[in-house]
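Notes follow once the structure below has been shown.
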Amino acid sequence: MIPSELRAQLGPALGGVFYLHGADEHGKESAARLLVTAHLDPATADFNHDLIHGSEVGIEALSSALGTPPLMADWRVIVLRETQGLAASAKARAMLVETAASPPPGLALILLCTVPDQSAARFYKDLERSARTIEFVAPSMNDLPEWLMERVETTLGRRMGETAARALAQAVGNDLSIL
């Protein structure tokens with residue numbers, strides 16, 4: 001099953017194309033890890049898990065990865081980081097939008113994307129419309145102290161005071177992966 005944190009936004013069904021976009025890199029990476037865990041059988045992970053960077057992959061390698069069915073498992077999981085790196089290729093755009101609209105059986109494709117500022121490219125809107133989508137907005141400085149206090153309590157079982165949380169947020173900024 002998809003973990004409860006994502007189920008409300010993505011629905012309970014497994015498989016398909018997941019489009020995780022926005023400025024909060026930490027949130028996107030956390031959601032991607034949860035989706036991979038929900039789909040991937042550890043016993044067959046070597047055969048069914050691909051990590052691809054859009055800025056480094058060619059159209060042939062991407063097509064091959066998307067067309068390969070799962071081996072000895074229910075799901076083949078592909079995590080495509082830097083999806084925006086494929087936006088310049090018409091063939092790659094068409095392939096990803098087509099896959100999002102009609103994913104092959106047994107595929108869990110997780111697209112992580114940072115849409116360029118002020119972009120009005122249709123590619124991103126088409127992915128958002130066709131895939132199961134979550135936008136991860138970077139938290140404001142006002143939201144950070146509460147996030148920090150909650151995170152410290154849930155992960156470390158300790159309490160952090162509001163003054164300490166504000167000071168840490170002020171010193172580090174809103175990059176959640178650092179915090």
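Let me have the relative contact order for segment 43-143, percent, based on Cα pairs under 8 Å that are six or more residues apart. Don't skip to the answer; put the middle values down first.
Values: 113 pairs, mean separation 28.3, N = 101.
So the answer I get is 28 percent.
How many nm is it between the label spots at ARG122 and GLU98, if each spot is 7 Å from the Cα in line with the beta carbon?
1.6 nm
Between ASP175 and SER63, how many nm apart are label points set 7 Å from Cα along the C-beta direction?
Those two pseudo-labels are separated by 3.9 nm.
Collect residues whose amide H, placed 1.01 Å from N in the peptide plane, falls under 5 Å from the amide H of VAL17; neighbours closer than 5 in sequence don't count.
LEU109, ARG132
For THR37 paired with TRP147, estimate the spin-label separation in nm (one decimal), with each label point 7 Å from Cα along the Cα-to-Cβ line.
According to this spin-label approximation, the distance is 2.0 nm.
Round to the nearest 0.05 the FRET efficiency obtained for ALA88 and THR163 when R0 = 45 Å and r is the Cβ-Cβ distance.
Here the calculated transfer efficiency is 0.40.
At 0.36 nm per residue, and after removing the present C-alpha to C-alpha distance, how many nm does the segment from SER140 to THR154 gain when stretched out fully?
Numbers: separation 14, 0.36 × 14 = 5.04 nm, distance 2.07 nm.
3.0 nm is the gain from fully extending SER140 to THR154.
Are there GluC sites (Glu not before Pro) in segment 31-103 that DSSP puts in a loop and that have at most 10 other Cβ atoms within 10 Å, and which ones?
Of the GluC sites (Glu not before Pro), the ones in loops of segment 31-103 whose Cβ has at most 10 other Cβ atoms within 10 Å are GLU56.
Apply the Karplus parameterisation 6.51 cos²θ - 1.76 cosθ + 1.60, with θ equal to phi minus 60°, to every residue of segment 93-100 and state each ³J(HN,Hα) to the nearest whole Hz, in sequence, with x for glycine and proline.
Result, ordered by residue: 4, 4, 5, 5, 5, 5, 5, 5 Hz.
Can you give me the accessible area per residue for segment 1-157, using a 1.4 Å probe, in Å²? Mind showing how you got there, number by number?
Numbers: 8270 Å² over 157 residues.
Ligands and nucleic acids excluded, the figure is 53 Å² per residue.
Could you compute how much accessible surface SER30 exposes when probed at 1.4 Å, giving the result in Å² to the nearest 10?
SER30 has an accessible surface of roughly 30 Å² with all protein chains in place.
So what J values fall out for segment 77-83 if you push phi through Karplus, 6.51 cos²θ - 1.76 cosθ + 1.60 with θ = phi - 60°, rounded to Hz, Gly and Pro as x?
10, 10, 9, 10, 7, 6, 4
How many percent of the accessible area of segment 109-179 is carbon or sulfur, using a 1.4 Å probe?
Numbers: 2190 of 4680 Å².
That fraction is 47 percent.
The values are calculated or read from the model by the stated rules, or taken from the named source; none is laboratory data. Everything numeric here is computed off the predicted structure, so don't read it as measured data. Counting neighbours? That spans all protein chains shown, and the Cβs are built from the backbone with ideal geometry, glycine included. These area figures cover heavy atoms from the full protein model, side chains too; ligands, DNA and RNA do not enter into them. Shrake-Rupley method; radii C 1.70, N 1.55, O 1.52, S 1.80 Å.
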